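Novice: A single structure is presented below for examination.
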Amino acid sequence: MKAVVFTGKEVEVWDELEIEEPKSDEVLIKVVASGVCHTDVNVIKGKVSVPTPVILGHEVYGIVEKIGERVTRVKPGDHVVAAFIYPCGKCKLCLSGFENLCENSIKARAKGVTLDGTTRIKKGGKDIYVRNGGWAEYMIAPTENCVVALPPELKIHEATVLGCAFFTSYGAVFNTAQVTAVDKIAVFGVGGVGLPTIKFASIANAAEIIAIDIVDQKLQKAKAMGATLTINAKIEDPVKTIKEATNGEGVDIAIEAIGNTTTIRQAIESVRVGGKVVLIGMGATAEFEVNNVVIRGVKVLGHYGARPRIDIPNVIELIKKGLINPQEFVTHKFKLDEIKQAIHVLETGEAIRSNLLLP
């Protein structure tokens, strides 16, 4: 098969890679489209460590090609989305209802392997690692627990966002932040994850939604998604503006969706006494005044993905009701060998989300 491979130095398109048959709990997916996310770019920039050569891509929409003998959730021919978290269903966290934090999934992804500690892809007899492996013509989902069959109306390439962007933002709003109708919230960064976060906060009927970014076009989109106030952080101090807009108190919840030292500090400074700060973005080192957190009783919460078997079906129901539309969030599409252009439009802020489309 053909795939985009990060060698450790360069991003290249390789062909003649060999992919094995799925094992008992696994699903072989013919990839139709795969999203391009900042987390993938963080690997390329060395902010997230994964063995190389590695196939990235963790927002996957495709068609089931083959299944392992124990798979019951999907069948060959099903159109599916594969979440970037693949819960083992057996560890303490999975059994406690926190499959988004599955320790076996986190360890496997860090090592670039499947749940049994091996990789299914080789080139000339040598192992090719995967961090999900969606930037390829085929991928192995390590467990059926991360694969969800799609209804007919979602057999579209934009369904990729259910695997990370919608998946993560839904979990941030409803599971970690637990946004209610009385909450005033601020979202720092309105890109591929921040923008749907605003939409889900609007669905949750948040009292006020403040969007912060440095790109006017994204702020305009945020307003269309339900933001009640937008702040261009290049022009004005977001903390000061947020305090002024909330009678000096600050917001109840600040969600940081970039992974940036400055915006993490601003998010902490922008919440009220007893408020919550939810960190989604990765790849940054946080620097903030500890006394400002302790004395004010601010809760700083890390947020990672969502629960594939529970939350993706919930998102699908919201889509079917017309409350959120995946096609509004994928702004660019590229061929597999145009990966460098796809990364470029992501880094420059031109794209909300880009998809690699496979033939």
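Novice: Can you find even one residue in the stretch 102-115 that is buried (at least 19 other Cβ atoms within 10 Å of the Cβ), in contact with a helix residue (DSSP H, G or I) (Cβ under 8 Å, 6 or more places away or on another chain) and over 20 Å from PRO22 (Cα atoms)?
Specialist: Looking for residues that are buried (at least 19 other Cβ atoms within 10 Å of the Cβ), in contact with a helix residue (DSSP H, G or I) (Cβ under 8 Å, 6 or more places away or on another chain) and over 20 Å from PRO22 (Cα atoms), one finds at least one in the stretch 102-115, hence yes.
Novice: Which pairs do you get when a residue that is in the same structural domain as LEU28 (by TED's automatic domain parsing) and over 17 Å from VAL32 (Cβ atoms), found in the stretch 63-79, comes within reach of a residue that is in a loop (DSSP other than H, G, I, E, B) and of a type in the set (Ser, Thr, Tyr), reach meaning Cβ atoms under 7 angstrom, with the pair 6+ apart or on two chains?
Specialist: Cβ pairs passing all conditions: GLY68/SER24; GLU69/SER24; ARG70/SER24.
Novice: Does the stretch 226-237 hold any residues that are surrounded by fewer than 23 Cβ atoms within 10 Å (Cβ to Cβ) and of a type outside the set (Val, Ile, Thr), and which are they? Step through it out loud before you land on a result.
Specialist: Step one: of the stretch 226-237, the residues surrounded by fewer than 23 Cβ atoms within 10 Å (Cβ to Cβ) are 226, 228-230, 232-237.
Correct list: GLY226, LEU229, ASN232, ALA233, LYS234, GLU236, ASP237.
Novice: In the stretch 44-64, how many are touching a Phe, Trp or Tyr at 6+ places or on another chain (Cβ under 9 Å), assigned to a loop (DSSP other than H, G, I, E, B) and of a type in the set (A, V, I, L, M)?
Specialist: 2
Novice: Hey, another quick one. Could you go through the stretch 323-333 and let me know if any residue there is over 22 Å from ARG109 (Cβ atoms), in contact (Cβ under 8 Å) with a residue 60 or more places away in the chain, in contact with a helix residue (DSSP H, G or I) (Cβ under 9 Å, 6 or more places away or on another chain) and basic (Lys, Arg).
Specialist: yes
Novice: Answer yes if at least one residue in the stretch 41-56 is within 22 Å of VAL315 (Cβ to Cβ) and out of contact with any Asp or Glu (no Cβ under 6 Å at 6 or more places or on another chain), and no otherwise. Walk me through how you get there before you give the answer.
Specialist: To start, the set of residues in the stretch 41-56 that are within 22 Å of VAL315 (Cβ to Cβ) comprises none.
No, because not a single residue in the stretch 41-56 is within 22 Å of VAL315 (Cβ to Cβ) and out of contact with any Asp or Glu (no Cβ under 6 Å at 6 or more places or on another chain).
Novice: Look at ILE316 and say whether it is surrounded by 20 or more Cβ atoms within 10 Å (Cβ to Cβ) and at pLDDT below 95.
Specialist: Spelling it out, it is not the case that ILE316 is surrounded by 20 or more Cβ atoms within 10 Å (Cβ to Cβ) and at pLDDT below 95.
Novice: Please count how many residues of the stretch 1-43 are among the charged types (D, E, K, R), under 16 Å from LEU336 (Cα atoms) and not in a strand (DSSP E or B). Even if it seems obvious, please write down each step before you answer.
Specialist: Let us first name the residues in the stretch 1-43 that are among the charged types (D, E, K, R), namely 2, 9-10, 12, 15-16, 18, 20-21, 23, 25-26, 30, 40.
Now drop any that are not under 16 Å from LEU336 (Cα atoms), which leaves 2, 10, 12, 15-16, 30, 40.
Narrowing the set further to residues that are not in a strand (DSSP E or B) leaves 2, 10, 15-16, 40.
Residues flagged as among the charged types (D, E, K, R), under 16 Å from LEU336 (Cα atoms) and not in a strand (DSSP E or B) within the stretch 1-43 amount to 5.
Novice: Could you please find all residues in the stretch 153-176 being of a type outside the set (A, V, I, L, M), in contact with a strand residue (DSSP E or B) (Cβ under 9 Å, 6 or more places away or on another chain) and buried (at least 24 other Cβ atoms within 10 Å of the Cβ)?
Specialist: So in the stretch 153-176, the residues of a type outside the set (A, V, I, L, M) come out as 153, 155, 157-158, 160, 163-164, 166-171, 174-176.
If we keep only those that are in contact with a strand residue (DSSP E or B) (Cβ under 9 Å, 6 or more places away or on another chain) as well, we get 155, 157-158, 160, 163-164, 167, 169, 176.
The answer is THR160, GLY163, CYS164, PHE167, SER169.
Novice: Do we find that ASP337 is out of contact with any His (no Cβ under 8 Å at 6 or more places or on another chain), closer than 27 Å to GLU103 by Cα, of a type outside the set (Val, Ile, Thr) and in the same structural domain as HIS38 (by TED's automatic domain parsing) in this structure?
Specialist: Working: out of contact with any His (no Cβ under 8 Å at 6 or more places or on another chain): yes; closer than 27 Å to GLU103 by Cα: no; of a type outside the set (Val, Ile, Thr): yes; in the same structural domain as HIS38 (by TED's automatic domain parsing): yes.
So ASP337 fails the test.
Novice: Quick one: would you say ILE67 is over 25 Å from ALA351 (Cβ atoms), in contact with a Phe, Trp or Tyr (Cβ under 6 Å, 6 or more places away or on another chain) and surrounded by fewer than 24 Cβ atoms within 10 Å (Cβ to Cβ)? It would help to see each step written out before you state the result.
Specialist: Details: over 25 Å from ALA351 (Cβ atoms): yes; in contact with a Phe, Trp or Tyr (Cβ under 6 Å, 6 or more places away or on another chain): no; surrounded by fewer than 24 Cβ atoms within 10 Å (Cβ to Cβ): yes.
Considered against the rule, which asks whether it is over 25 Å from ALA351 (Cβ atoms), in contact with a Phe, Trp or Tyr (Cβ under 6 Å, 6 or more places away or on another chain) and surrounded by fewer than 24 Cβ atoms within 10 Å (Cβ to Cβ), ILE67 comes out as no.
Novice: Looking at the stretch 196-214, is at least one residue closer than 20 Å to TYR170 by Cβ, surrounded by fewer than 19 Cβ atoms within 10 Å (Cβ to Cβ) and without any contact (Cβ under 8 Å) to a residue 12 or more places away in the chain?
Specialist: No - not one qualifying residue is present in the stretch 196-214.
Novice: Moving on to the next point. Using beta carbons and a limit of 9 Å, which pairs, at least six apart or on different chains, have the first residue in the stretch 235-254 and closer than 14 Å to ARG296 by Cβ and modelled with pLDDT of 95 or more and the second one of a type in the set (A, V, I, L, M, F, W, C) and loosely packed, with under 14 Cβ neighbours inside 10 Å?
Specialist: GLU249/VAL273; GLY250/VAL273; ASP252/VAL182
Novice: Return yes or no: is GLU69 farther than 17 Å from LEU357 by Cα, assigned to a loop (DSSP other than H, G, I, E, B) and either at pLDDT below 95 or of a type outside the set (Phe, Trp, Tyr) (or both)? Reasoning before the result, please.
Specialist: Values: farther than 17 Å from LEU357 by Cα: yes; assigned to a loop (DSSP other than H, G, I, E, B): yes; either at pLDDT below 95 or of a type outside the set (Phe, Trp, Tyr) (or both): yes.
So GLU69 fits the description; yes.
Novice: Suppose we keep only residues that are touching a helix residue (DSSP H, G or I) at 6+ places or on another chain (Cβ under 6 Å) and in a helix (DSSP H, G or I) within the stretch 80-101. Which one would you say is farthest from ILE339 (Cα to Cα)?
Specialist: Only one residue tops the list, namely LEU93.
Novice: Looking at the stretch 40-63, which of its residues are buried (at least 23 other Cβ atoms within 10 Å of the Cβ) and touching a His at 6+ places or on another chain (Cβ under 9 Å)?
Specialist: Hits for the stretch 40-63 are ASP40, TYR61, GLY62.
The values are calculated or read from the model by the stated rules, or taken from the named source; none is laboratory data. Predicted model, so just to flag it, every value in this text is computed and none were measured. Glycine gets a Cβ as well: all are built from the backbone with ideal geometry, and neighbour counts include every protein chain shown.
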